[in-house]
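Asks: Provided herewith is a single structure, encoded as structure tokens, for subsequent inquiry.
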Amino acid sequence: MDMVPLLLLPLLWGGSLQEDQEYQLQVQESVTVQEGLCVHVRCSFSYPWSPWFSRKMLYIYWFQGGDTPNNRRLVATNNPQRPVSPDTQGRLYLTGDPWAEDCSLRIGDARRSDEGVYYFRVERGEEVKYTYTDTPLTLRVTALTQDPDIHVSEPLKSGWPAQLTCSLLGSCEGGRPLTFSWAGAALDSLDPEALHSSVLTFTPRPQDHGTNLTCQVQLPGAQATLERTIWLNVSCAPHNLTISIFFSNDTVQKTLCNGMSLLVPEGQFLRLVCRAASNPPAVLSWSQEGRALHPAQPSAPGVLELPHVGPGDEGEFTCQAQHPLGSQHISCSLSVHRSPCSCNSVTQKQEGSWPVVLTLLRGTLMGAGFLLTYGLTWIYYTRFPAQCGQPCTVESGTRLPQSNDTYLTITARERHSVFKFIYFLGERERERQRETTTSRL
């Protein structure tokens, strides 16, 4: 009779071991979260099932700390009759369906006081009351070092609306809202109210390329402000095209605008440098009167060198800037100043209008000289005293005294002839001046 309990003991042990094997918990051993952020702990469990459980409620619990049940505090449960700790209420809660054996836990706005060991417990009627002490969860809370993330939906293009999103990895969805703010030179024309949202919409400009854009995030209840700064890469079509010229004896560059002309002495060395502001850099090329030119340095297509400027270099030079967002061009006209021995007609044309002015002035002075000569002669014979000491008048038929006591008679017809002769000489000189001027022009 005493052998019966001994025979039943292995059966009882086997039942106990089988029961423990039916209580299973799948959860991470250790989880780390930064202070103020959120972490989601996935969890699943199993327990012995019986047909007698069909009408009994299933409750699950998460407890924090303590080696004994009396020292542990309840932080999350689906049992409305069991209040949770006020310190964790609303921050720690279940996210899964207990009937689907999901015991996942979300920890939001993590605090230093949340750090510690957590235990899971399941209850269903009087038959199932079990704490999974063999599978604890360890939570570590570290200092906040996470930086925000800025996501650009598509490459930035000048003149095209763009959308940027600022987010903080580890922040809880549905929790207390974060405070966002944007700062940067590219946002100087935006409404200040638009700068306090996680989503930023603006239209970049060419001058915004290379500038900084900063997103700042303030966590609820946190003293520190998190921020992330990015460098804007704005694609833009060519603009501000210029042509700089360099001579062999001039190290200082000169800049030409579109349509300007340039006069260069024959035989002079000339370098034309085309520049265009664009991103990415535009493809530059040169042409002369529609004919493509090849640069001396293929690695610098915007540089065109003319070692010895000659007559064949005259004409319009055009620099073309090609870009996926658009193309632009700039042109200048080149004229060659030839030496006097090259071509008289060209030299006279290039001398300008000063020789013409000097010729007219010389003719005028010559005409004035004729008139002055005639005037002095007339004054001498009409106003100079005669031998008798009396003034003489020149009238028709009057005789002027001479040194040999003879007289010179000047009639009105003769005086008129003198006037006509002087006028004829003046007209001839003016006609010669006009012919000279015409030939020079």
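The values are calculated or read from the model by the stated rules, or taken from the named source; none is laboratory data. Given the structure is predicted, the values throughout are model-derived calculations rather than measurements. Note that we place each Cβ from the backbone using ideal geometry, even for glycine, and neighbour counts take in every protein chain shown. When the accessible area is computed, the model is the full protein with side chains, heavy atoms only, and any ligands, DNA or RNA have been set aside. Shrake-Rupley method; radii C 1.70, N 1.55, O 1.52, S 1.80 Å.
Asks: Keeping all protein chains in position, work out how much accessible area Leu25 exposes to a 1.4 Å probe, and write it in Å² to the nearest 10.
Replies: 10
Asks: With a 1.4 Å probe and all protein chains kept in place, how do His151, His209 rank by accessible area, largest first?
Replies: Working: His151 105, His209 65 Å².
Putting His151, His209 in descending order of accessible area: His151, His209.
Asks: Take every Cα pair under 8 Å in region 24-142 that's 6+ residues apart, average their separations, divide by the length, and report that relative contact order as a whole percent. Present the calculation step by step, with values, prior to reporting the outcome.
Replies: Working: 251 pairs, mean separation 42.5, N = 119.
Rounded, it is 36 percent for region 24-142.
Asks: Normalised by the residues of region 106-183, what does the relative contact order come to in percent, with Cα pairs under 8 Å and at least six apart?
Replies: Details: 77 pairs, mean separation 19.6, N = 78.
Relative contact order comes out at 25 percent.
Asks: Summing +1 for each Lys or Arg and -1 for each Asp or Glu, what net charge is found among the other residues whose Cβ lies under 12 Å from the Cβ of Arg42? Before the final figure, lay out each step's value.
Replies: Numbers: positive: Arg106; negative: Asp102.
Surrounding charge for Arg42 is 0.
Asks: Here's another thing I want to ask about it. From the square roots a ≥ b ≥ c of the eigenvalues of the alpha-carbon gyration tensor of region 168-294, which class results: rounded (a/c under 1.5), prolate (a/b over b/c), or oblate? Working shown, then result.
Replies: Numbers: a/c = 4.26, a/b = 3.73, b/c = 1.14.
Prolate, since a/c reaches 1.5 and a/b exceeds b/c.
Asks: Just to verify a number: FRET efficiency for Ser248 and Gln322, C-beta to C-beta distance, R0 = 35 Å, to 0.05?
Replies: 0.70
Asks: Would region 237-337 count as rounded, prolate or oblate if I go by the C-alpha gyration tensor, calling it rounded below 1.5 in a/c and otherwise prolate when a/b exceeds b/c, oblate otherwise?
Replies: The shape class here is prolate.
Asks: Once a ≥ b ≥ c are taken as the square roots of the eigenvalues of the Cα gyration tensor of region 24-142, is the result rounded (a/c under 1.5), prolate (a/b larger than b/c) or oblate (a/b not larger than b/c)?
Replies: Verdict is prolate for region 24-142.
Asks: Within region 210-240, list the residues whose amide N lies under 20 Å from a label point set 7 Å along Cα→Cβ of Arg176.
Replies: Of the residues in region 210-240, 216-227 have backbone N under 20 Å from the label point off Arg176.
Asks: For region 114-200, what ratio Rg/Rh do Cα atoms give with a Kirkwood hydrodynamic radius?
Replies: Numbers: Rg = 22.6 Å, Rh = 17.8 Å.
Ratio of gyration radius to Kirkwood radius for region 114-200: 1.27.
Asks: Please compute the modelled spin-label separation between Thr201 and Thr142, points set 7 Å along Cα→Cβ, answer in nm with one decimal.
Replies: 3.8
Asks: Treat each spin label as a single point 7 Å out from the Cα along the C-beta direction, and report the Glu127 to Leu372 distance in nm.
Replies: Label at Glu127, label at Leu372, 14.5 nm between them.
Asks: Run the numbers for Thr211 and Thr229: contour at 0.36 nm per residue of separation, minus the present Cα-Cα distance, in nm. Don't skip to the answer; put the middle values down first.
Replies: Numbers: separation 18, 0.36 × 18 = 6.48 nm, distance 1.01 nm.
Once the chain is fully extended between Thr211 and Thr229, it gains 5.5 nm.
Asks: Separate question: Got the relative contact order for region 152-221 handy, in percent, Cα pairs under 8 Å and 6 or more residues apart? Write out the running numbers ahead of the final one.
Replies: Working: 102 pairs, mean separation 30.0, N = 70.
Normalised by residue count, the contact order of region 152-221 is 43 percent.
Asks: Please state the equivalent ellipsoid semi-axes for region 236-286: what are the square roots of 5 times the Cα gyration tensor eigenvalues, largest first, in whole Å? Don't skip to the answer; put the middle values down first.
Replies: Working: eigenvalues 122, 25, 18 Å².
Whole-Å semi-axes of the equivalent ellipsoid: 25, 11, 10.
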